[in-house]
Amino acid sequence: MTQHIDSLQPASLKNIQAAEAKLMLQTYERNPLLFVSGQGVHLRDEQGNEYLDLLSGIGVCALGYQHPAITAALQQQSHSLLHTSNLFYHRGTSELALRLTEITGLDRVFFCNSGTEAWEAALKLARAHAGMLRSQGRNIGTRILAMQDSFHGRTMGSVATTHKLKYREPFEPVMPGVSFVPFNDVEALRAAFSTDVCAVAIEVIQGEGGIHPVSPQFLAAARELCDSTGALLLLDEIQSGMGRTGRWCAYQHYGIQPDVTTLAKPLAGGVPIGAMLCTEQASRAFNPGMHGTTFGGNPLACAVAIAVIDEIKQSHLLDHVASLGQYFLTGLRDLQTRFSSIREVRGLGLMIGVELESEALARQMLQGMMERRIVLNRTHETVLRFLPPFILSRRDVDLTLHALGELLELYSTPPSQQPEVMAVETIPGDKIHG
Ligand SMILES: *Cc1c(COP(=O)(O)O)cnc(C)c1O
């Protein structure tokens, strides 16, 4: 039966809200904002208001909006081929694979369409790899050690390694064989590890978990334990990778190589793509037909990802992200010395979290930032999360720090003078999960 949505009605926020409420599965609690265009680091709503975007679509639009390198790649590719299927060759896959193997230090690539698919491929590879080792007479099991407060996506395998009960429980039984280890607790990791384990799964910087970097000791212990049995070290760089921390991969700050890594979010600057990369040795666990996807690595996604990587290189954006991130972090730590309501400032490059003393304050701060037309989000209840486009400027950071300072001043006054904490219903970025 046809649902009638009057197409002559202007596509106003109200109309769209009503149509979505009727037509779409209610999986998202969207913020009441209708963006119609973007340019550089700014978004524009349907009323012409301009917003400074410090979230970039949850770490995706690394080159901002309407970047000429991306529009050129999209235009060019649309004049030749969008899709071929993986039954045939096209020029983009090996060109992109060459760039990705160079920047990650890994040997081989599998392309897919999203973060969770990349992670799913990593989990399947870990199981298949252990099976391969067993067939060679090695003693290795099928268990996967994941971390508390982890986030790896929503498909059945990925969600099984995602810690939050709310994401997992309604779908049980999810993939069996996963145990969660307290993040950065070396003793707990050693205690949980055995020849039963085929993989240790870590986000180098936990994103949704509140911007928590892995400790060097913990990552080194995970590497050493995996080496001792042939288990694979899986490092999820879907949020932290592709230059977000000032290096191509966050693990490069630690001098530790994984067996497998996953990339997605900013890889093609807004065009859906994911990639799982691994060592030559691990790659032998996959034979033709064992894994695949229709869209994965299609000409369009590859062309745009190549353009994104080349632009990051040509414009020296890694250096820019590193120095601007340092500048941003220094500014935030200055704020922390002025306001005790800031518990902690964490991050690397332009992946930054500011932990506040309460959820109520975090909500207020987001509401205040929205009123100042600055888009960010809140994760892990009390943490303000910044994942801005790599092309952000010092001026944008100054503006942000100024707005944060003003709001903290307003909300951090002594309890007696403090304005009543309002239950805020809708805040930009407040209900975005990723
Ligand atoms: C976003 C994210 C994922 C899932 O990616 P999707 O594209 O949403 O499937 C997995 N791992 C990490 C660390 C992420 O941030």
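Being within 16 Å of the ligand (Cβ to nearest atom), under 20 Å from Glu120 (Cα atoms), over 12 Å from the mean Cα position of the chain (by Cα) and not in a helix (DSSP H, G or I) is the requirement here; does Leu267 meet it? Steps first, answer last, please.
Numbers: within 16 Å of the ligand (Cβ to nearest atom): yes; under 20 Å from Glu120 (Cα atoms): yes; over 12 Å from the mean Cα position of the chain (by Cα): no; not in a helix (DSSP H, G or I): yes.
Judged against the criteria, Leu267 is not a match.
Quick check on this structure: which one of Arg385, Arg372 is surrounded by 14 or more Cβ atoms within 10 Å (Cβ to Cβ), at pLDDT 95 or above and either in the same structural domain as Pro266 (by TED's automatic domain parsing) or in contact with a helix residue (DSSP H, G or I) (Cβ under 8 Å, 6 or more places away or on another chain) (or both)? Lay out the reasoning, then the answer.
Numbers: Arg385 fails: either in the same structural domain as Pro266 (by TED's automatic domain parsing) or in contact with a helix residue (DSSP H, G or I) (Cβ under 8 Å, 6 or more places away or on another chain) (or both).
Matching residue, one of Arg385, Arg372: Arg372.
Taking only the range 219-247 into account, find how many residues are out of contact with any strand residue (DSSP E or B) (no Cβ under 8 Å at 6 or more places or on another chain) and surrounded by fewer than 24 Cβ atoms within 10 Å (Cβ to Cβ). Full working, then the answer.
First, the residues of the range 219-247 that are out of contact with any strand residue (DSSP E or B) (no Cβ under 8 Å at 6 or more places or on another chain): 220-221, 224, 227-228, 230, 243, 247.
Checking which are surrounded by fewer than 24 Cβ atoms within 10 Å (Cβ to Cβ) leaves us with 220-221, 224, 227-228, 230, 247.
Result for the range 219-247: 7.
Do we have any residue at all in the range 108-123 that's at pLDDT 95 or above, touching a Gly at 6+ places or on another chain (Cβ under 9 Å), on the phi > 0 side of the Ramachandran plot and among the small types (Gly, Ala, Ser)?
no
Checking the conditions here, which among Leu82, Leu63 is part of a loop (DSSP other than H, G, I, E, B), in the same structural domain as Leu267 (by TED's automatic domain parsing) and at pLDDT 95 or above?
Values: Leu63 fails: in the same structural domain as Leu267 (by TED's automatic domain parsing).
Result: Leu82 is the single residue among Leu82, Leu63 that is part of a loop (DSSP other than H, G, I, E, B), in the same structural domain as Leu267 (by TED's automatic domain parsing) and at pLDDT 95 or above.
What is the residue count in the range 8-30 for residues that are touching a strand residue (DSSP E or B) at 6+ places or on another chain (Cβ under 9 Å) and not in a helix (DSSP H, G or I)?
First, pick out the residues of the range 8-30 that are touching a strand residue (DSSP E or B) at 6+ places or on another chain (Cβ under 9 Å): 11, 13.
If we keep only those that are not in a helix (DSSP H, G or I) as well, we get 11.
Residues in the range 8-30 being touching a strand residue (DSSP E or B) at 6+ places or on another chain (Cβ under 9 Å) and not in a helix (DSSP H, G or I): 1 in total.
Of all residues in the range 228-245, which are out of contact with any Lys or Arg (no Cβ under 7 Å at 6 or more places or on another chain) and not in a helix (DSSP H, G or I)? Quick ask: steps written out before the conclusion?
Step one: of the range 228-245, the residues out of contact with any Lys or Arg (no Cβ under 7 Å at 6 or more places or on another chain) are 228-229, 231-232, 234-237, 240-245.
Passing the criteria: Ala231, Leu232, Leu234, Leu235, Asp236, Glu237, Ser240, Gly241, Met242, Gly243, Arg244, Thr245.
Please work out if Thr84 is surrounded by fewer than 21 Cβ atoms within 10 Å (Cβ to Cβ), on the phi < 0 side of the Ramachandran plot and either within 16 Å of the ligand (Cβ to nearest atom) or β-branched (Val, Ile, Thr) (or both).
Numbers: surrounded by fewer than 21 Cβ atoms within 10 Å (Cβ to Cβ): yes; on the phi < 0 side of the Ramachandran plot: yes; either within 16 Å of the ligand (Cβ to nearest atom) or β-branched (Val, Ile, Thr) (or both): yes.
Criteria met by Thr84.
What number goes with the only condition from (1) within 30 Å of Leu376 (Cα to Cα); (2) out of contact with any Asp or Glu (no Cβ under 8 Å at 6 or more places or on another chain); (3) among the small types (Gly, Ala, Ser) that Ser179 does not pass?
Result: Ser179 passes all but (1).
Between a first residue in the range 251-278 that is closer than 20 Å to Ala201 by Cβ and at pLDDT 95 or above and a second residue that is more than 14 Å from the ligand (Cβ to nearest atom) and among the acidic types (Asp, Glu), which pairs have beta carbons less than 8 Å apart while being 6 or more apart in sequence or on different chains?
Qualifying pairs under 8 Å: Leu277/Asp107; Cys278/Asp107; Cys278/Asp259.
Restricting to helices (runs of 4 or more DSSP H) lying wholly in the range 136-227: which have 3 or more residues that are of a type outside the set (Lys, Arg) and away from the ligand (no atom under 15 Å from the Cβ)?
Counting at least 3 such residues, we get 186-192.
Tell me which residues, restricted to the range 41-57, are in contact (Cβ under 8 Å) with a residue 12 or more places away in the chain and in contact with an Asp or Glu (Cβ under 9 Å, 6 or more places away or on another chain). Let's see the steps before the verdict.
We begin by selecting, within the range 41-57, every residue in contact (Cβ under 8 Å) with a residue 12 or more places away in the chain; these are 41-43, 45-46, 49-57.
If the condition is that a residue be in contact (Cβ under 8 Å) with a residue 12 or more places away in the chain and in contact with an Asp or Glu (Cβ under 9 Å, 6 or more places away or on another chain), then Val41, His42, Leu43, Tyr51, Leu52, Leu54 are the ones that fit.
The values are calculated or read from the model by the stated rules, or taken from the named source; none is laboratory data. None of these values were measured; they are calculated from a predicted model. Neighbour counts are summed over all protein chains in view; Cβ atoms, including those assigned to glycine, are modelled from backbone coordinates with ideal geometry.
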